[in-house]
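The values are calculated or read from the model by the stated rules, or taken from the named source; none is laboratory data. Computed from a prediction, not measured in an experiment: that's the story for all the values here. Every residue, glycine among them, receives a Cβ derived from its backbone with ideal geometry; neighbour counts consider all protein chains shown. What goes into the accessible areas is simple: the full protein's heavy atoms, side chains included, and nothing from ligands, DNA or RNA. Shrake-Rupley method; radii C 1.70, N 1.55, O 1.52, S 1.80 Å.
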Amino acid sequence: MLTVFSVWVFAFSCADKPAPAGEKLKWMTLQEAKAAMEKEKRPILIDLYTDWCGWCKVMDKKTYTNDKVIEYLQRKFYPVKLNAETREALQWGNRSYAYNSSYHTNEFALFLTHGQLSYPTTVIIPVGEPEPQPVPGYLQPAELELIVKYFGEGHYGKLPFETYQKGFKTSW
């Protein structure tokens, strides 16, 4: 009996575990996410923020510290935190994006949001899909759950979002 119990404990201790309480989300750079995509295909989630954005700070504090959010994003996405106002040139696809002084933002932020700048914006870049999917505004964990599970569970492109949303039950 002790042997069976020991094997059971060992087997489940080696399984994937949810994020321990208090663990922080491991944000990647855009280039790290791009390199990781070459090894394992996953959607990219970009938290598009600015330093002056109050709601961005609230989302950092309330949404991106939620244990269920952390565990799911680390398992199903490549999470990228990107300052929309970075003056650093950003490479994506076959293009380089520079700081645009007229808009006081990087051109990559304009590309991600289809020119509709709003902060925070959660942007999903689906696997194999060059077109970013921006979701503007502050999202509570349950609101983010609906969106990330739509993409993370492979419903995007197969099921209209409105149909998915009607049958969705939040658990966060």
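Tabulated data
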item	result
Accessible area per residue in Å² at 1.4 Å probe, computed on the stretch 29-172	52
14 Å beta-carbon shell around Thr50, net charge (K/R +1, D/E -1)	-1
Accessible-area composition of the chain, carbon plus sulfur, in percent [1.4 Å probe]	57
Local electrostatic count at Asn100 - Lys and Arg +1, Asp and Glu -1, tallied over other residues with Cβ under 12 Å	-1
Estimated FRET transfer efficiency when R0 is 25 angstrom, pair Asp67-Glu32 (beta carbons, to 0.05)	0.60
Kirkwood Rh and Cα Rg combined as Rg/Rh, the stretch 70-172	0.99
On Cα atoms only, tilt of 141-152 relative to the major axis of the chain in degrees	90
Placed amide H near Tyr97: partners under 5 Å, 5+ positions off or other chain	Leu90, Gln91, Trp92
Matching label, P(r) over Cα pairs in 5 Å bins from 0, in percent computed from the structure shown, candidates [x] 1, 7, 14, 19, 20, 19, 12, 6, 2, 0, 0; [y] 1, 8, 17, 20, 23, 18, 10, 2, 0, 0; [z] 1, 8, 15, 19, 19, 15, 9, 5, 3, 2, 1, 1, 0, 0, 0	[z]
